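Taking it in order: structure first as structure tokens, then the write-up.
The values are calculated or read from the model by the stated rules, or taken from the named source; none is laboratory data. Note that this is a predicted model, so its numbers are computed, not measured. Cβ placement follows ideal geometry from the backbone for every residue including glycine, while neighbour counts extend to all protein chains displayed.
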Amino acid sequence: MSGAALPSITGRVYDIKRFAVHDGPGIRTVVFLKGCPLRCAWCHNPEGMSAVPELSFTMQKCVGCGDCVRACPNGVHALPEVGVHTIDRTRCTLCGACVEACIPGALRIYGREVTVEELLEEVLADRPFYEQSGGGVTLSGGEPLSQPAFAAAFLHACKTAGLHTALDTSGAVPWSAFAAVLPDTDLVLYDVKHIDREAHRTWTGLDNVRILDNLQRLGRAGIPVEVRIPCLPGVNDGLVLERIAAFLREIPSLTEVRLLPYHDFARSKYTAIGLPDTMPQVEKPGPEAMAVLRAVMVRHGLRVAE
Ligand code: SF4
Ligand code: SF4
């Protein structure tokens with residue numbers, strides 16, 4: 001395709017998920033941009049938090065061959081004894097040599113620069129699936145609007161190409177970032193994690209004032225919004241969820257609420273990128289607990305996604 005009209009701006013992408021079915025209507029390609037202003041204790045994508053690229057090492061995939069030790073020009077990797085692999089991240093320049101050398105795929109760098117044209121070409125590869133299913137492209141993160149100019153340019157390119165677009169956002173960004181993308185966004189997927197200002201700060205690192213304000217603005221502007229709530233027992237159930245439901249009832253453009261049961265599958269990702277594991281030690285809510293949460297939403301007159 002011709003890239004003549006597309007801007008040369010680059011964005012930092014850490015993952016692309018094809019054939020997604022829970023991130024907007026139909027079959028979708030989800031593009032994950034790097035960087036997020038929040039630090040949710042339960043984040044499922046900790047590799048998306050930092051704005052800069054990161055080296056990931058998965059011990060379970062490592063066969064101890066030592067190819068990375070020989071490939072690295074900076075002495076980052078060491079295998080001092082069988083079953084032990086140490087990494088001195090302070091010396092890593094993210095050159096990628098060890099990733100290339102690692103045949104089992106234990107090493108990976110999260111975060112690559114792409115142009116709008118390159119990314120558009122990747123997502124257009126699945127256009128037939130979008131057309132058959134009513135799907136499209138979802139821009140996610142991290143927080144996709146933490147790269148506001150790139151997000152706006154990419155969504156505009158998708159719309160120009162005739163694709164349905166969804167934006168999966170934490171809402172923790174200036175309204176100006178929303179204003180730039182809304183003309184090219186068909187649906188906003190919006191996270192609401194807690195209704196109490198200080199509890200929100202405790203669990204995510206920031207209060208929720210801007211997040212709730214932006215959601216109300218989207219509602220007043222008539223932008224279709226699906227709200228997503230990560231459900232953590234003892235954190236945002238009970239009266240907290242009642243208050244969230246009461247708040248959502250006043251958002252006129254709300255399409256539905258999606259309740260996402262907490263799980264800790266991402267726990268190993270924290271270790272892989274050298275972060276402390278912050279995931280709460282709470283049980284995944286089972287079907288009965290989720291039914292109770294759904295009932296709260298329904299009682300407030302809200303539509304709950306299956
Ligand atoms: S190259 Fe890969 S498998 Fe081999 S020691 Fe390094 S990380 Fe492990
Ligand atoms: S990315 Fe480059 S500098 Fe970093 S550990 Fe791998 S080979 Fe060494």
Quick one: is residue 142 more than 14 Å from ligand 2 (Cβ to nearest atom) and either touching a Cys at 6+ places or on another chain (Cβ under 7 Å) or farther than 24 Å from residue 30 by Cβ (or both)?
-> yes
Restricting to the range 60-75, what's the tally of residues that are within 15 Å of ligand 2 (Cβ to nearest atom) and touching a Ser or Thr at 6+ places or on another chain (Cβ under 9 Å)?
-> 2
How do the pairs read when you match residues in the range 169-184 that are closer than 19 Å to residue 197 by Cβ with residues anywhere that are in a loop (DSSP other than H, G, I, E, B), using Cβ under 6 Å and keeping only pairs 6 or more apart or on different chains?
-> 170/38; 170/143; 172/37; 172/38; 172/206
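Residues checked against (1) of a type outside the set (Ser, Thr, Tyr); (2) over 30 Å from residue 177 (Cα atoms); (3) touching a His at 6+ places or on another chain (Cβ under 6 Å); (4) crowded, with 20+ Cβ neighbours inside 10 Å:
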site: 15; (1), (2), (3), (4): yes, no, no, no
site: 36; (1), (2), (3), (4): yes, no, no, yes
site: 45; (1), (2), (3), (4): yes, no, no, no
site: 49; (1), (2), (3), (4): yes, no, no, yes
site: 80; (1), (2), (3), (4): yes, yes, no, no
site: 86; (1), (2), (3), (4): no, yes, no, no
Filter result (surrounded by 15 or more Cβ atoms within 10 Å (Cβ to Cβ), over 18 Å from the mean Cα position of the chain (by Cα) and over 22 Å from residue 168 (Cα atoms)) within the range 243-273 | 271
Counting only residues in the range 239-287 that are assigned to a loop (DSSP other than H, G, I, E, B) and among the hydroxyl-bearing types (Ser, Thr, Tyr), the one nearest to residue 58 (Cα to Cα) is identified as 278
The range 31-79, residues that are over 11 Å from residue 141 (Cβ atoms) and assigned to a helix (DSSP H, G or I) = 46, 59, 60, 61, 67, 68, 69, 70, 71
Matching option when the condition is touching a strand residue (DSSP E or B) at 6+ places or on another chain (Cβ under 8 Å), within 16 Å of ligand 2 (Cβ to nearest atom) and at positive phi, among 35, 111, 24 | 111
Restricting the range 276-306 to residues that are surrounded by fewer than 16 Cβ atoms within 10 Å (Cβ to Cβ), closer than 30 Å to residue 92 by Cβ and not charged (D, E, K, R), which is modelled with the lowest pLDDT?
-> 280
Single match in 105, 83 (criterion: more than 14 Å from residue 274 (Cβ to Cβ), more than 10 Å from ligand 2 (Cβ to nearest atom) and modelled with pLDDT under 95) | 83
Go through the range 65-100 and give me each residue that's in contact with a helix residue (DSSP H, G or I) (Cβ under 7 Å, 6 or more places away or on another chain), under 26 Å from residue 33 (Cα atoms) and either away from ligand 1 (no atom under 13 Å from the Cβ) or aliphatic (A, V, I, L, M) (or both).
-> 97
For residues that are over 17 Å from residue 190 (Cβ atoms) and surrounded by fewer than 24 Cβ atoms within 10 Å (Cβ to Cβ), scanning just the range 134-149, find the one that is nearest to the chain's Cα centre (by Cα).
-> 149
Out of 118, 122, report the one residue that is away from ligand 2 (no atom under 16 Å from the Cβ), among the acidic types (Asp, Glu) and without any contact (Cβ under 8 Å) to a residue 12 or more places away in the chain.
-> 118
Restricting the first residue to the range 153-167 and requiring it to be assigned by TED's automatic domain parsing to the domain that holds residue 117, which pairs with a second residue that is assigned to a helix (DSSP H, G or I) and among the hydroxyl-bearing types (Ser, Thr, Tyr) meet a Cβ separation below 9 Å and a spacing of at least six or different chains?
-> 163/130; 164/130
So which residues in the range 190-214 are part of a helix (DSSP H, G or I), among the acidic types (Asp, Glu) and either outside the structural domain of residue 258 (by TED's automatic domain parsing) or within 19 Å of residue 238 (Cβ to Cβ) (or both), if there are any at all?
-> 198
